[in-house]
1. When you scan region 92-124, how many residues do you find that are surrounded by fewer than 18 Cβ atoms within 10 Å (Cβ to Cβ) and either in contact with a Leu (Cβ under 8 Å, 6 or more places away or on another chain) or of a type outside the set (Asp, Glu) (or both)?
2. Arg89 - would you say it is at pLDDT 85 or above and outside the structural domain of Val182 (by TED's automatic domain parsing)?
3. Can you pull out the residues in region 213-237 that are in contact with a Lys or Arg (Cβ under 9 Å, 6 or more places away or on another chain) and either modelled with pLDDT of 85 or more or among the hydrophobic types (A, V, I, L, M, F, W, C) (or both)?
4. Identify all residues within region 67-91 that are surrounded by 15 or more Cβ atoms within 10 Å (Cβ to Cβ), in a loop (DSSP other than H, G, I, E, B) and touching a residue at least 40 places away in the same chain (Cβ under 8 Å); write none if there are none.
Amino acid sequence: MSFWYRFFYYLFIVGLCLSGPALLVAWKWGVEPNWGTVDVVKAARPVERGIRLSEADLKLDKIRKDQLVDGALVKLPAVVNQETARAIRSNEQLTDAMLNTGHLLPAPGEWNMPLPAEWVFGKPPGSLLRGDRVSLLPVQKDDGKRTGETAATAANEQGSSKEKPVPLEIPSDEEKKLQEIVVSYAKGTNNQEIASSDDRKKPSGAVNTIELIVNDEQKELIRKYGTKGYRFLVVYR
C-alpha cells in the first residue's frame, strides 16, 4: 500500500469521524435557528403612547411561525417614525393596530380643522388624546330665562350649575355626519401635545384645544352651528 493511498485512507476515516460533530454543530447554529422561523419587529424597550418610534426603540427578532401574532410587522423601515397608539411593552411584537398611521393625516377632500374653544361646551374630556374618535353634539347654553320660570328658581339652578346644555332637534343625517371624527391634535394650555399612559389615568396636562380631521360636509356643519352661536359637547367612547 503506497504512502499516498494510506494518507488519503486515514484522512477519509478522520473526516468521517469528524463529520458527525460538524454536522451537529452546523444544524445547531446554522439550520435550526432559521428552520420554521420568521423575522418580526419587536419593541427594544418600553414605549409610551404617542411616541414617534426611532430605530433605538425597535429590534428585528426571529421567532417561530406559530408565535407570530395577527398583523405583526416584519420590516423595520415600515415602523420607524410611526406614532404609537398605545403603550408598548419591551419585547412585544408590533402590529398595525399599535400604530397611528395614515388616518391622522388628511386624505384628499379632508381638512385639519381647529375647533375654537368658544365653540366647545364646557371642556373637552380630560382623557382625550391624539388619534381618538369623537362625536360632536350641538347644544345651546341654558341661561335660566325660560318662559314661566321664577327668579328664585332660576337663581337656585344657576347656583348649582352655571350653564346647562339644551339638546337640539337636528336632522339625524347631520347628527351622523358629526360622529366618529378623528382628533389630529389634542393640546394643553402651553400648546404642547397631551400625552398619557395606556390607561389614560395620568395625562401630561389638561386638554385646552383640539384639532379634527373633517371632510367638506363636516366642516360646513361645524361652521354652520358654530357661527349661529351653538356649541359642541365633545364625547367619545
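1. Residues that pass the stated criteria total 19.
2. The answer is yes for Arg89.
3. Across region 213-237, the qualifying residues are Asn215, Glu217, Gln218, Leu221, Tyr225, Gly229, Tyr230, Arg231, Val234, Tyr236.
4. Listed by number, the residues that qualify are Ala85, Arg86, Ala87.
The values are calculated or read from the model by the stated rules, or taken from the named source; none is laboratory data. Since the structure is predicted, the reported quantities are computational estimates derived from the model, not experimental observations. Here the Cβ is made from the backbone with ideal geometry for all residues, glycine too, and neighbour counts use every protein chain on show.
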